[in-house]
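Just below is one structure, and these are the notes that go with it.
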């Protein structure tokens, strides 16, 4: 599947969630069994020999790709959740949004010291959610092997917040 064919599986929704934003909707990609399988197979080939212990999927669309890839790799899956969604003891990291401030949490026992971690999300935009997640992984003693995203909105410069990490993006949009 070519990059253009994969991009054609993503629905563009203008003015969502706010006016002026072009939302890249991956639900149309994941409902297409060929496209979804392609993404997971592609990521599997990239990470199959990287000795990943845990995949961190970021709420909520990171769960879709992270769970499927963790199953395929035979490693664990850890959800990075919004506050109040995890029942055990947690750590929390705040980050800025275009329209405010929020945070993510991980269970304190989700990552063991020395775990090799792949951080996986559907989208890299401004980098706030991924940066918060990498901070928590490192606070728990994990090592970030790489950050992987299906889509990068490179015009938003999210990589600038993640300069110390290897980042892999399957698709890039360099303009709104």
Please count how many residues of the stretch 124-163 are farther than 28 Å from residue 22 by Cα, under 15 Å from the mean Cα position of the chain (by Cα) and without any contact (Cβ under 8 Å) to a residue 60 or more places away in the chain.
3
Take the residues in the stretch 11-35 that are without any contact (Cβ under 8 Å) to a residue 24 or more places away in the chain and over 24 Å from residue 155 (Cα atoms), then tell me which one is surrounded by the most Cβ atoms within 10 Å (Cβ to Cβ).
32
Would you please name the residue that is surrounded by the most Cβ atoms within 10 Å (Cβ to Cβ), looking only at residues in the stretch 77-107 that are outside any strand (DSSP E or B) and modelled with pLDDT under 95?
98
Among the residues of the stretch 54-76, is any touching a strand residue (DSSP E or B) at 6+ places or on another chain (Cβ under 7 Å), surrounded by 16 or more Cβ atoms within 10 Å (Cβ to Cβ), in a loop (DSSP other than H, G, I, E, B) and without any contact (Cβ under 8 Å) to a residue 60 or more places away in the chain?
yes
So which of 171, 123 ends up being surrounded by 21 or more Cβ atoms within 10 Å (Cβ to Cβ) and under 15 Å from residue 26 (Cα atoms)?
123
Can you spot a residue in the stretch 117-131 that is within 22 Å of residue 84 (Cα to Cα), in a strand (DSSP E or B) and modelled with pLDDT under 95?
no
Restricting the stretch 36-50 to residues that are touching a residue at least 40 places away in the same chain (Cβ under 8 Å) and within 16 Å of the chain's Cα centre (by Cα), the residue that is farthest from residue 171 (Cα to Cα):
47
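The values are calculated or read from the model by the stated rules, or taken from the named source; none is laboratory data. Everything numeric here is computed off the predicted structure, so don't read it as measured data. Neighbour counts are summed over all protein chains in view; Cβ atoms, including those assigned to glycine, are modelled from backbone coordinates with ideal geometry.
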